[in-house]
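Comments concern the structure below.
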Amino acid sequence: MLNRRYLRVKVLQALYAYYQSGNNQLDQGEKQLLLSINKLYELFIWQLSFLVELTRFAENRIEENKQKHLPTVEDLHPNMRFVKNRVLEALSNNKSFQRFENTYKINWSGETEMIRKYYNQIRETVEYQKYMSTEKDDFANDKKFLIHLIEKYFADFELLQFFYEEKSMYFVDDYHLISYLLIKFFKEMDENFDALALLPTLLKTENDEINEDQLFVKRLFRFTLLNDAEYASMIVSTTSNWEKDRIASVDLIILKMALTELLNFPSIPVKVTMNEYIDLSKYYSTHKSKIFVNGVLDKLIQQLRREDKIVKTGRGLIEKSP
């Protein structure tokens, strides 16, 4: 479920924390990396649970309105489309989801006011009004509404962000990444998703013995640290007008990670590595970093090719000397 770009982000975060802490225990750093990835999945379940809880809150509110001393026609005959959203209803009844809720001890009983505020906020949106009034009433439309909700209104709900910050320090950096995972999950969810369907795993497993994605993040983290001094020297020699201390720390980590991929991951194309780390610099470093990282990587790749140090295997990946 988590693509390689976001795995690189998790490694970047872990390496930055490792360097900042002054820690020299590689095993401990790797353990923190894997823990942060596990926490990412925990936050994914929390956010799914929050969406389900919104429908429960809405249903309770409808029942309360029916009990008014003088209920209106709308109170007695409410629009149940959101409460009966097929996607969230299927998720609520799913055994795998329920097990994760229990595992993470998810409970919203003390957060009624926060849920009420978000529910009231979304009820005022154009998307909600359109969803509740449209004649089209099917699984696809239910799914489309949820995706709009996440894309436009999750990021700015500060109360929920503060709630997660208090839950775990690991949740702070991953709040926006979770929105991507939620959208991906809902887009791939179909009407066959029932009580016995399994939720997708965060990391791709090739078979029962090899977790391909976990192996990728561990190797990327370890090889970057084990070759730290060598890679730093290569980078500084390529940037003759810059001293190591003048290079932004995040840029330096990004370049070291790129070198790790170029030299130790024969199945990843050079172009993919270059594009991925240029993009990382654009989102996670300074506004000038993209140009800097692009230029340095280009020089490093040319140099490594001249020295025949880039070895790629697989169809269409074999590197040829210029």
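What follows is calculated from the coordinates using simple rules that are stated; it is not laboratory data. A quick note: this is a predicted structure, and the numbers were derived from the prediction, not measured. Cβ: placed from backbone, ideal geometry, glycine included. Neighbour counts: every protein chain shown.
Principal axis analysis of the Cα atoms in the stretch 227-306 yields extents of 32, 25, 19 Å, listed in decreasing size. By the rule of a C-alpha distance below 20 Å, with chain neighbours fewer than 8 residues away ignored, the lysines paired with LYS105 are LYS39, LYS95, LYS167. As a rough guide to protection, the peptides 184-191, 142-149, 47-54 ranked by mean Cβ packing within 10 Å, highest first, stand as 47-54, 142-149, 184-191.
Given only helices, namely DSSP H runs of n ≥ 4 each adding -39500 (n - 2.57), what is the per-residue ellipticity at 222 nm of the chain, to the nearest 500 deg cm²/dmol?
On the way: 15 runs with 218 residues, N = 322.
Rounded to the nearest 500, the figure is -22000 deg cm²/dmol.
For the pairs LYS144/LYS184; LYS271/LYS312; LYS184/LYS218; LYS31/LYS184, flag any whose C-alpha to C-alpha distance is greater than 19 Å. Write out the running numbers ahead of the final one.
Working: LYS144/LYS184 12 Å; LYS271/LYS312 12 Å; LYS184/LYS218 24 Å; LYS31/LYS184 27 Å.
With Cα atoms farther than 19 Å apart: LYS184/LYS218; LYS31/LYS184.
Normalised by residue number, the volume inside the convex hull of the Cα atoms of the chain is 174 Å³ per residue.
Taking a straight line from the alpha carbon of LYS66, these aspartates and glutamates sit under 15 Å away, with near neighbours fewer than eight places off in the same chain left out: GLU74, ASP75.
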